1. Report, as a whole number in µm² per second, the diffusion coefficient that Stokes-Einstein gives for the chain at 20 °C and 1.002 mPa s using the Kirkwood radius over alpha carbon pairs.
2. How much mean residue ellipticity at 222 nm does the chain get from its helices, if each DSSP H run of length 4 or more adds -39500 (n - 2.57) and you divide by all residues, to the nearest 500 deg cm²/dmol?
3. Where does helix 14-27 land angle-wise versus the long Cα axis of the chain, in degrees 0 to 90, nearest 10?
Amino acid sequence: MNCACGRPLHYTDPAVQATVDRLVRAKGEYIEVECQGRRYSVQRHYIALHGLKAADLEELAERGIVTRLEAR
């Protein structure tokens with residue numbers, strides 16, 4: 001499996017990866033994030049590996065790292 005950044009999963013701590021792997025199995029690979037009236041689908045591994053700043057969401061969407069979702 002690859003991180004949304006394009007690299008293979010690049011955890012430095014196997015225990016953290018195991019925790020996120022369990023979360024992905026239980027809740028799914030992606031999580032929906034809402035910010036300033038916009039919604040995005042973000043890979044849980046990406047968040048664990050890189051963090052996520054609201055100010056970066058549009059740029060990440062332009063780069064294809066997160067997916068913009070339709071407004072509700």
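1. Numbers: Rh = 12.7 Å.
Reported coefficient: 169 µm²/s.
2. Working: 3 runs with 27 residues, N = 72.
The helix-only estimate for the chain comes to -10500 deg cm²/dmol at 222 nm.
3. So the helix axis and the longest Cα principal axis differ by about 50 degrees.
Throughout, read-outs are computed from the coordinates displayed, never taken from laboratory work. Nothing here was measured: the structure is a model prediction, and the numbers come from that model.
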